[in-house]
1. When the expected Rg is taken as 2.2 N^0.38 Å, what fraction or multiple of it is the alpha-carbon Rg of the stretch 312-369?
2. Over the alpha-carbon set of the stretch 194-306, divide Rg by the Kirkwood Rh and report the Rg/Rh ratio to two decimals.
3. Over the residues of the stretch 290-386, compute the C-alpha Rg and express it relative to 2.2 N^0.38 Å.
4. Using only the alpha-carbon atoms, what does the stretch 57-205 span along each of its principal axes? Please give whole angstrom values in decreasing order.
5. Tell me which lysines have Cα within less than 27 Å of K204's Cα, excluding those fewer than 8 residues away on the same chain?
6. Cross-link partners among aspartates and glutamates for K197, C-alpha distance below 20 Å, same-chain residues fewer than 8 apart left out?
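Readers should treat all values here as calculations from the given coordinates under stated rules, not as data from a laboratory. Everything numeric here is computed off the predicted structure, so don't read it as measured data.
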Amino acid sequence: MSHTPQTRTVVGCTLLVIALGVGVTGCGGDDHPLAAEPYDAADQVSFNGPTGAGQKADPDKPLEVVAEGSDGRITDVTAVDATGRYVAGELSADGSRWHSTSPLAADARYTVRVSTENEDGAPGRKVLTFVTGRPVTTKRLNVTFGPKAGTYGVGQPVTAELSEPIKDRAQRAVVERALKVDSTPATEGAWHWVDDKKLHYRPKEYWPAHATVQAHSNLSGIKIGDRFWGGTAKPLKISTGDQVIAVTDAAAHTMKFYKNGEEIKTIPVTTGKPGFETRNGVKVVLGKERYVRMRSSTVGIAEGSSESYDLPVYFATRVTWSGEYVHAAPWSVGSQGSANVSHGCTGMSTDNAQWFFDNVREGDIVQVVNSGGATMDPFGNGFGDWNLDWTKWREGSALTAGAPQGPSPADGARLRPQSF
């Protein structure tokens, strides 16, 4: 019986690799030669970009591997960079084409291993290498973390301001995965998209007292969208002080001041009268001002009307941007502890206001209960983040199943009006 030797044609070099500007350095060789007589098929490999020595691939372009001709098919492709990060991809059902489905990194060296099979089932293999350059774009997403470095109360959220709006949910997920917040002691927390350019991060419960909180970004060099790449971000490090929570009961006309879980002081107060009720809910101290001129015209009360006022106010602790304070109100001492007569602020004697002023810091918690007013908005008028329960908070993350959160109607309205 005669036997005719089978010719084993290797399809590994009969491929089209498409990645704009790729300079392939390994097409002529094979790590594992499978053909009896391997041949140089460099002339059968073409690119849609420059191929000169030293030229680099555009990381904005996807990587494609295409089998030329009809005598074989691709069976597998792996692409990995020098740090071990793999590029995800999809292979067509007929084996004629493979393309990447995850972005390439900028300034990275890649090795692509292509496995093939000819019409007789003989396997082939080709190893290619290329280097990506810097993305050809000036659009970068930079991140600014807040607040500024320092010591804050246990209610202080971490904020991230983005230089460009992000509306697409998939792009939001890329950004959110790269924004990291760690605390010591460790505590569970999550980001919440306030609007297209702003995120807040808070723990499930308040931060631990005397904790260290650090935020940083891994976005630099990461592709977010078409011609859109992650940029720079300065890391943030803050700490927390004692746990300070002040609870104002508008019905009982008192404020109870707690420090690390212990009640330290009970203060007689007055809150908003009917029509000017103080907001219920949890607020976070935004700042402290020893002197503020409070005028009714800044909150829409006409000058000369029965409700108008123009007063010097001392020891004012701000809890909303629209002008709600805890402050000295010597004119209402007779009502403090017994009646609500203010235009929305929490008033107390000058001595008590100074004591409160001296014993709170930014980020401390001020909670109002049993008022006839509406609940503090989560966003836009200060830090009302804690008025969302944990389930609702998590729905504002792009990494959960909840719908993306849009901007609050009052978002960004950092107003200067005051009420007393």
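1. Numbers: Rg = 11.0 Å, N = 58, 2.2 N^0.38 = 10.3 Å.
The stretch 312-369 yields a ratio of 1.07.
2. 1.10
3. Numbers: Rg = 13.7 Å, N = 97, 2.2 N^0.38 = 12.5 Å.
After normalising by residue count via 2.2 N^0.38 Å, the value is 1.09.
4. 72, 33, 26
5. Within the straight-line cut-off, K204 pairs with K148, K167, K180, K234, K237, K256, K259, K283, K288, K392.
6. Straight-distance partners of K197: E161, E164, D168, E176, D226, D377, D385, E395, D411.
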